[in-house]
Amino acid sequence: MPDITPTPARQTSATRLSFRNGNMGMKWCCLLALSVALTVPLHALHLPAAILIGPMFAAVVLAVNEAHLPIPGPAFLLAQGIVGCMIARSLKVSIFYKVMGEGPFFLGGVLCVIVLCTLIGFCLARWKILPGSTALWGASPGAATVMTLMSQGYGADMRLVAFMQYFRAAAVAIAATTMARSTTPVMADGAASVFWAMPASWPAFGATIGIIVAGVYLAHMLRLSAGALMVPLIFATGLQDTGLLSIELPPWFLATGYAVLGWGIGLRFTRATLHYAARAFPYILIAITLMIAGCGAMALVLAHFKHVSLLTAYLATSPGGEDTVAIIAATTPGVDMPFVMAMQTVRFVLVLFTGPLFARTLSRWVER
């Protein structure tokens, strides 16, 4: 009689097969539980975009274990619209007056950061470290979520772009936090508790939802690449500046949108993708180190000529992690907050509108 006692290997295979073929409700419960378990500690550590990275990591874990969970297309598009309105909420016309007052040297610092990171991405693409234009999208200095979402529409591997963008955002956050704490003691951070306690204005919330739905629908009808993010962003920014719209995004609504995006990205991963990312990791680490070091050198020049503190200059030139930079700048004595946020915002806008053009143009050079 053959031995049918399950060995550990058989048990593992059987468990994986059972999970893969399990009911959809059990898979969603596992995804939700794992997302919460990963997001809470990341948020406590003030990691950039923790409410996106936690669900994304959770989805990656399920995806590599062959748990097939389809994310409805409309939900993923609406989540992009939520991100577009979130960006529009922080785009104030008044912040650009700071730029005009600082002159060409200010814009030169912004452009130097963009050129440095684009050059590093071009080298990674030229040496075939990452496929196609993926490295060019992954190396863009800032707008991590936007670049990740837009990259898919232009033929890049969105999974590897997300890996490179969020790993760099975490590295930048660690470097900026370390420098801030070594320079001056950081005050207690109350921004997170204020944010989560903010009440929602229901009429404004309804108008914001209307802008999201209308923008996503229009982008879908016009078949615009990354239009689900860009059309609501443009509409919401214009209406907000004219006083016709007050963008209201309750924390639970924003967290839901980020979670859907994280799941949509993470569930696309496969074991082959993770193996590819692991092989490219040493090169990505070197590239990120060069970005941080290069921006640190620019901060020294900026601090010397503009007579701002070294920490202010470093936070202004750091390549990405705008939310963490904003928290550190707001809670650290002696930091010129308007200067930091003006430089970060200008670079964000330039990357947002020139990043796709640079990626397409440079990817054609790589192919030739």
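Per-structure values
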item: Rounded to the nearest 10 Å², the accessible area of Lys128 at probe 1.4 Å; result: 130 Å²
item: Accessible heavy-atom area order of Glu367, Glu66, Glu248, highest first, probe of 1.4 Å; result: Glu367, Glu66, Glu248
item: Additional length obtainable on full extension of the chain from Glu367 to Ala75, 0.36 nm per residue less Cα span; result: 101.7 nm
item: Whether the range 209-325 is rounded, prolate or oblate, judged on the alpha carbon gyration tensor where a/c under 1.5 counts as rounded; result: oblate
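The values are calculated or read from the model by the stated rules, or taken from the named source; none is laboratory data. All figures in this text were calculated on a predicted structure; none of them were measured in a lab. Just the protein is used for accessible areas: all its heavy atoms, side chains included, with ligands, DNA and RNA removed. Shrake-Rupley method; radii C 1.70, N 1.55, O 1.52, S 1.80 Å.
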